[in-house]
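Report on one structure; see the data block that follows.
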Amino acid sequence: MDLNRLTQKSQQAIAAAQDAATRAGHVEVDSLHLLLALLQQPDGLVPRLLDAMGTDVDRLTADVEAELQRIPRSTRAGGTPQGQVVVSARLAALLDEAEKEARRLSDEYVSVEHLL
């Protein structure tokens, strides 16, 4: 994925997902980290879209947080250096699909709704 094709909000969400993975001691940043970042984005579009669809955003956020707590923490033995996370295969596939969706819709940039 060309990171220059991400909107500012998408870039912020990916950075927040990386931060969340690092803080949690995870060796990979995954689609769940990104979903949590999108749900928690200040004045974000994703919570408003989900709320308009009748989704209980607070419940979904709590469920995502609980699922993230189930991911094992890294002990760094043989793993990545402290503070470094790698993109999971699942997140890489999600980013590729988001870019394809943006192209399909003739959108120049990949925005948070494409990521969702």
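The values are calculated or read from the model by the stated rules, or taken from the named source; none is laboratory data. Because the structure is predicted, anything quoted here is derived from the model rather than measured. All Cβ positions, glycine included, derive from the backbone under ideal geometry; neighbour counts span all protein chains shown. These area figures cover heavy atoms from the full protein model, side chains too; ligands, DNA and RNA do not enter into them. Shrake-Rupley method; radii C 1.70, N 1.55, O 1.52, S 1.80 Å.
Could you please find all residues in the stretch 96-116 being open to solvent by 80 Å² or more (accessible area, probe 1.4 Å), assigned to a loop (DSSP other than H, G, I, E, B) and touching a residue at least 12 places away in the same chain (Cβ under 8 Å)? The answer is GLU108, TYR109, LEU116. Considering the stretch 1-81, the qualifying helices (runs of 4 or more DSSP H), each wholly inside and each with 2 or more residues that are modelled with pLDDT of 95 or more and closer than 18 Å to LEU94 by Cα, run over 8-24, 31-40, 57-69. Taking residues in the stretch 78-95 that are under 18 Å from LEU3 (Cβ atoms) and open to solvent by 50 Å² or more (accessible area, probe 1.4 Å), and partners anywhere that are at pLDDT below 75 and not basic (Lys, Arg), the pairs with Cβ atoms closer than 7 Å and at least 6 places apart or on different chains are VAL86/THR80. Total residues in the stretch 19-49 satisfying the condition of being in contact with a Leu (Cβ under 9 Å, 6 or more places away or on another chain) and either open to solvent by 30 Å² or more (accessible area, probe 1.4 Å) or without any contact (Cβ under 8 Å) to a residue 40 or more places away in the chain (or both): the figure is 8.
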